[in-house]
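Colleague: Can you keep this structure in mind? I'll have questions shortly.
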């Protein structure tokens, strides 16, 4: 699609499609992700919003009320991809028969638990079949809604309720799954990875591309969680910045199979700058665990070089 020029004031003055008054936490990245993505819809276009069970669902929907201005479907943890692909198929059939005149877009949201893990099968199927829909993962790195249990999106050494850090454990043992790369291997037209930049331009423009690129699209958005990560709400934007500057969370997109790096730090910062503000990593700064930060850094460096090579 032809990308329109980004005007921050114009974009931010668009009518909200997620109404205020929901019950998400202060400093939560999930609702910021939703608001920014939905702003990318063009005026006049309608949308059907899917939502896998999780923090976002229980806090923005209490039957018969919802915070969404568009049509909304609450899905189980495991079937958001399947539900929206079915609705999109029905829409195409009805529009072909002339029974629907309006233009609808199909967007579903899920946390990492319902996307990386429980919902991966239905997500993979929807992407492989090529439905004209966007799946957005608001990645907060654990099963936050049920008490901060580890998921495959949880970074290595994070302290969670199922991987507690203490005398016999240094947190989660395994490294984080790279879901954006996995979905890119489904050969879908568009995959984007983003988080919150100073003026939200990166996420907004990627959402715009995802929504208006024909076929299946996937967005993976780092969306910090103050309760699960253990930071002050005012620190959220700085944490997102450090995620980019340390290359823990690179900004990239895959367009028709071509890997594109959207941001490369001028001076790549050490991973400690991302870890320090988060209580879930405080055990790494004890003297006996200093070597673990080095191992964390090695994994970040390896993945960063691998990504740069793909984007070369």
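Readers should treat all values here as calculations from the given coordinates under stated rules, not as data from a laboratory. From a predicted model like this one, the values you see are computed outputs, not experimental measurements. Glycine gets a Cβ as well: all are built from the backbone with ideal geometry, and neighbour counts include every protein chain shown.
Colleague: Using only Cα atoms, what is the ratio of the radius of gyration of segment 220-312 to 2.2 N^0.38 Å?
Modeller: 1.17
Colleague: On to the next question. Counting only Cα atoms, I'd like the Rg/Rh figure for segment 39-89, Kirkwood definition for Rh.
Modeller: Taking Rh as the inverse mean 1/r over Cα pairs, Rg/Rh reads 0.98.
Colleague: Out of all DSSP beta bridges in the chain, what portion is antiparallel? Express it as a percent rounded to 5.
Modeller: Bridges in the chain are about 30 percent antiparallel.
Colleague: Rounded to two decimals, what is the ratio between the C-alpha radius of gyration of segment 56-139 and 2.2 N^0.38 Å?
Modeller: 1.13
Colleague: A further question on this structure: Peptides 227-235, 263-271: what's the order by average Cβ count within 10 Å, highest mean first?
Modeller: Going from most to least packed, we get 227-235, 263-271.
Colleague: As a test of the formula, what do you get for the chain when each DSSP H run with n ≥ 4 contributes -39,500 (n - 2.57) and the sum is divided by the residue count, at 222 nm and rounded to the nearest 500 deg cm²/dmol?
Modeller: Counting only the DSSP helices, I get -10000 deg cm²/dmol.
Colleague: Let me ask something additional. With the cut-off at 1.5 for a/c, could you classify segment 141-185 from its C-alpha gyration tensor as rounded, prolate or oblate?
Modeller: oblate
Colleague: I need the peptides 201-210, 38-47 ranked by packing, meaning the mean over residues of other C-beta atoms within 10 angstrom, with the highest value on top.
Modeller: For the peptides 201-210, 38-47, the packing ranking is 201-210, 38-47.
Colleague: Decide, for segment 158-238, between rounded, prolate and oblate: order the square roots of the alpha carbon gyration tensor eigenvalues as a ≥ b ≥ c, take rounded if a/c falls under 1.5, and otherwise choose prolate if a/b is larger than b/c, else oblate.
Modeller: oblate
Colleague: Could you work out Rg/(2.2 N^0.38 Å) for segment 100-196, with Rg from alpha carbons only?
Modeller: 1.27
Colleague: On a 0 to 90 degree scale, rounded to 10, what angle separates helix 120-129 from the longest Cα axis of the chain?
Modeller: It works out to around 50 degrees.
Colleague: Could you check how many percent of all C-alpha pairs in the chain are farther apart than 28 Å?
Modeller: Of all Cα-Cα pairs in the chain, 36 percent lie more than 28 Å apart.
Colleague: Follow-up question, since we're still on this one. Where the centre of each part is set by its Cα atoms, how far does segment 240-312 sit from segment 21-36, in angstrom?
Modeller: Cα centroid of segment 240-312 versus Cα centroid of segment 21-36: 24 Å apart.
Colleague: When 1/r is averaged over all different Cα pairs and the result inverted, which Kirkwood radius in Å belongs to segment 3-73?
Modeller: Answer for segment 3-73: a Kirkwood hydrodynamic radius of 13.1 Å.
Colleague: Working from Cα positions, state the angle (0 to 90°, nearest 10) between the long axis of helix 201-212 and the longest principal axis of the chain.
Modeller: Roughly 40 degrees, rounded to the nearest 10.
Colleague: Kindly express, to the nearest 10 degrees and within the range 0 to 90, the angle between helix 290-310's C-alpha long axis and the longest C-alpha principal axis of the chain.
Modeller: 40
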